[in-house]
Structure formats: C-alpha cells, structure tokens
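A quick write-up on the structure given underneath.
All of the numbers you see were taken from the coordinates with simple rules; none came from a lab. Quantities reported herein were computed from a predicted structural model and do not represent experimental measurements. Note: ideal-geometry Cβ built from the backbone for every residue, glycine included; neighbour counts use all protein chains shown.
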Amino acid sequence: MDINEILSQLGLGSKDTVYLSVTPGVGLELIQIDMSTRSVKNYAYRPLDYNDALRQITDYDAFKDAVSELFAELHVNPKSNVVINLPMVLFGSKELPLLLGDDAITEALTSEVEQSYVFKRYEPVVSWVDSNMSQSGDMRKLFYSAIQKETIENIKNALLEIGATLVGVEMSLTSILKALVFSGRANEQIKDGISWNLMLVNQTGYSILSMVGKNIVDYYEEPVPIKSLEGDEIYSAINASAQITLMSYPANYLYIVSETDLVSAEILAGRLQVDGIIQYLENNQFKKEDVIPVSLEVLEETASHISLEAIGIAVGSSVSLPSKFNFLLSGGSEASVDTSNEPLPVRIGNKEFQLTPIAARNLALVFAAIILLPTLGAFVGIPMIESQKQSQLDELKSRIQSVESEIKKIEEEQNKLNNFDVNAEIKKVLGTNRIKLMSYSALGQSVPKNLWITYYVAKEDGKIDIKGESKNVEEVYAFYKSMKDSLIDTKLRLHKLQMKTTSVDDVVTVDLTKPVNYEFEITNMSPGELAPPPSKDKDDKGNSGDKNKDNEKKDGQQENK
C-alpha cells in the first residue's frame, strides 16, 4: 500500500491547483506555468462577458460552462483547487490610529467602502494591508481593496457544481505587478529606493500607482470617457489630464500598461512629456511579443491573448510583494466569507492533499500512536541535557539583547534622518499648484491668432484676472468661451470690453475705416478685489494729502503760539 492509498483511507485526497483569470477584453483564462523554465506550459481561454459599470461577471452560468470547457480542453481534473484573479473593483488608502485592532480596522474600512456606488447595492468583502512607507506618530496608513461578497459566493458555488474548490481570490492590480516582476520587465523599477509610477489605462480611464521599489506609496484614479472618443481625441484627453497629475508624482520611471484595444501604450508614451524614463507594455491587440516564453504546444494566435493578469495569478507565491490581498484569508486582509469548513491544502513532496477536519482527527490519532512510545523514552533523557540546553539558551538570550540594542540604535539614527513625508509633500503640491497649472494649460490652448494677453494673474485661492487686446470682438468672445469651458468651476466673467482709446476726444472722433483695437478683461474677482481704494499715504513732508485737514493743523499750531 503506497502513501496515496494510506492518505485516502484517512480522508485525504491529492488535488492539483488551477489558476484562472477573469480578464475584460479577453474573457476567462486558464494558464499553467513551468517554474523551472519560467515559461507558459499550457494555456486556453473562453470569451466571458464582464460588466464594467457594475464591476462583476454578467452570467455565472456562462462562467461555469467556460470553466468546464477549459478543464476539458487542457485535461485538468475537475476536482482541483482554484485560485482566481478578478478585475479590481475598488482600491484606496486611509490613515487610522495604531491602537485599533484588526476587527475595528475592518469595520472602519467597510464603512468607507460602502460609500462607493458599487457597494451601496452589494455587501463588500474588504482586504487590507499596512503601508510600509508611511507611518508616523499614532497613525498608520493602510491600503485596502474590496470585492462584492456575492461575486465570491457565486464563483465558489459555480466551481463546487463541477467539483472544484475555491482556495484563493486575488485582484488584477497585484497580479499585474507580480507579472512585471516575474517576467523581468520591471527589474530597474523594483530596486530599493527607486521611485516609479505604474500607469494603467483601461476602458473607463487611467490609474496611477506611485511606488518606491516594490512598496506602494499612493494611488490615483481618473475617469476618462475613452469609449466616447475616437482616434487622436483619446490620446489628447488622456494627455491633458495625466500631464498635470504626473507633475504631482515625480519619479525616476513611468511605466505605461494599456489594458484596452482603444489605446496604444507606445503612442501614449510618445505623447506624454514627463521627467524620467518612460517605458511601456501592450496588454492588448497592439502586443508585438510575448511577455514570457510560451510552449510550442500553445498556438501563436491563442498565445497572443495571454494577459499580464493571467501570468501574475499563475506565478503564485514565487513572487513576493509587500502588499498582498486575498479575499479568502483572515487577519491583516480579512474577508467575511466563511471558510471554516473548507479543506486545508497540505503539500507533501510534490503532491498536494486536502485535509478535512475529520481527516485531521484521524491523522492526529495515527501520529499520536506512533509518537507516544518514543516520546516517553525522550522524557527520561531530558533531565540529563537540561543543564546544557539552559546554558545555550542563556547565551542566546544575551546575544539577542545585544542585537536588539544595536537595532534600536540604528532605528533612532534613521528616524532622525527620515523626516521627509512623501505623501504630505504630494498633497501640498496638489493643493497649491493644481489650479494654477490648469489655468496655465487652458490659457496656452485658448489664445486666438489676433488676440494677445497684456496682464495675467492666478492666485492660490482660485482667483484669476486676465487683461488683453484684440483686433476684433469675435476673437474676444471666442477666447472667453474657451477659457470658461476649460475652467468650469472658476466662474469666469467678461468684466470689460471696449475700444482702446487714449482720450475722450478719440472716442468722439473715431475713424471706423482705420483698424481699431479692443481692450478686454476676464476675471472671477469682485470689483473690490480688482480696484482697491486709494491709499492715504503721507507725502515726504508728512502731509496726509487732505488740504483741509492740513490747514486746520496749521491754524491750531498758530493759536498755540
């Protein structure tokens, strides 16, 4: 009787682990990677509709059918463990007191997540991790993500119907990061101390993940109506928005990944003007090469669909990232899905077995019987070696105290040097410069040919004043309309529009056959802010400028004499 038969009688059964990815634009992917050669061993996919608005799979019966077909095509045992990647539904960060326990943190983050339009209808499953880059005083920064609990339950039930067991749920953001690291495409970026931005472009807009090495520093998401635009309009819209946003996230590298067939990462990289090195990767129809080598058993046409998400989920634990989100785990990344009755995967050699509660009890009884007699013998010899072990333990404790003292000293020195708060500086730049940058950008795009600016000011509180001249009234109105459309929330108005003259006589005797310039002023300032009252400064002799008051002062001095 071999080990498989023994374990089978104890309630254990060997199971393979299968990696699936729900990838918008591709469908449902099943991928197997050969870790020894770091290449795709086997791959297949099936179309699967995904609702971008509701952030969920459209039809779970279709999902179940797609899984069954993929298992059959790649000859996968239906009774397998499944780890699945899902598109990211929500991602954010929040600072909370250090004193809060895990349960209180999960409750606070759940309340935050429920403000999103998606989770007003669906109960969320929240997963969170500590930021390794920002922690000061009594607060700590947390990054969190959320997926609909209903989605996980539906996937779990669909897999159970075909005999498979859901053992892991991850999201696309971390899967993409793992794929970039595994493939070696981000070797320069993930070095310690290197700042870089990962820009992900999809059907609904773009997001920017600000990082230092493998650590997440900040996250920003901007919706752009890409589906409603065409051709160069798409790149112009993304460029106009991202140009200003990227100024707030200075970095050594910008890495662009396009997830949509509507945008080429290569073309977008050529349009953006930012400091640092720009690299890109096509995760769409513009892909020119495989991210990692692919076995000859996979047809070239099929291999072209392999996504970064599929590669990232399949590499499993071979890539280690500080930020890990698994919506079936508890603790730091807690989930509200009940997995207490699920079998526990146990690996012995190159085989993986499912340990159920009953099997665990039976296995414990067998091992107890085997170990009992040797254990009794061991207790007889314990007093003889106790003294020797105690001496070794005392020496080890002494060394530990010495090392802890050195670590504490080093941490104190580092704390004195590391007073620079990256997030605080970013928020400061956003708060003081965003309005100015937007107004400068709008001004540069709106000035007509026969119009010029003679005066311009933009204040930190959003106040703007523009003066200029034009050869005709139409150019003035065109410039005013363009500025107002570009700066929607600034409440600009056309404060003044008149012919340029030097005297009243010029107005009366104006010759309409000669070219006439028009003066204008566009502003959102109040009349008091535009024309402050004249100052009552004294002249060099001490007079106030009011003759009556100065004469009264002199008369009073003569009477005193």
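Numbers below:
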read-out: DSSP-assigned coil residues among chymotrypsin sites (Phe, Trp or Tyr not before Pro) in region 36-119, each with at most 10 further Cβ atoms within 10 Å; value: 117
read-out: For region 442-530, convex hull volume per residue from C-alpha positions, Å³; value: 100
read-out: Rough spin-label spacing in nm, given labels placed 7 Å along Cα→Cβ, for residue 65 and residue 233; value: 3.6
read-out: Gain in span if fully extended, residue 120 to residue 161, counting 0.36 nm per residue against the direct Cα distance; value: 11.8 nm
read-out: Relative contact order of region 442-530, defined on C-alpha pairs under 8 angstrom at six or more residues apart (%); value: 34
read-out: Separation in nanometres of the label points that stand 7 Å from Cα toward Cβ, at residue 457 and residue 98; value: 4.7
read-out: Net charge of Cβ neighbours under 9 Å - reference residue 469; Lys, Arg +1; Asp, Glu -1; value: +2
read-out: Centre separation in Å (Cα based) which lies between region 36-99 and region 107-173; value: 15
read-out: Extension gain, residue 221 back to residue 288 (0.36 nm per residue minus Cα-Cα distance, nm); value: 21.4 nm
read-out: Cα gyration tensor shape for region 75-213, rounded if a/c is under 1.5, else prolate or oblate; value: oblate
read-out: Bins of 5 Å, starting at 0 and running to the largest distance - Cα pair percent for region 187-288; value: 3, 14, 25, 26, 18, 10, 3, 1, 0
read-out: Low-density loop cleavage sites - trypsin sites (Lys or Arg not before Pro) in region 173-256, where at most 16 other Cβ are within 10 Å (DSSP); value: 191
read-out: FRET E, pair residue 107, residue 394, Förster distance 30 Å, beta-carbon r, rounded to 0.05; value: 0.10
read-out: Segment residue 36-residue 267, extension gain: residue separation times 0.36 nm, minus the distance between their alpha carbons; value: 79.6 nm
read-out: Net charge, residue 86 excluded, C-beta distance under 10 Å - Lys, Arg +1, Asp, Glu -1; value: -1
read-out: Mean separation of Cα contacts under 8 Å (6+ apart) over length of region 30-73, as relative contact order %; value: 29
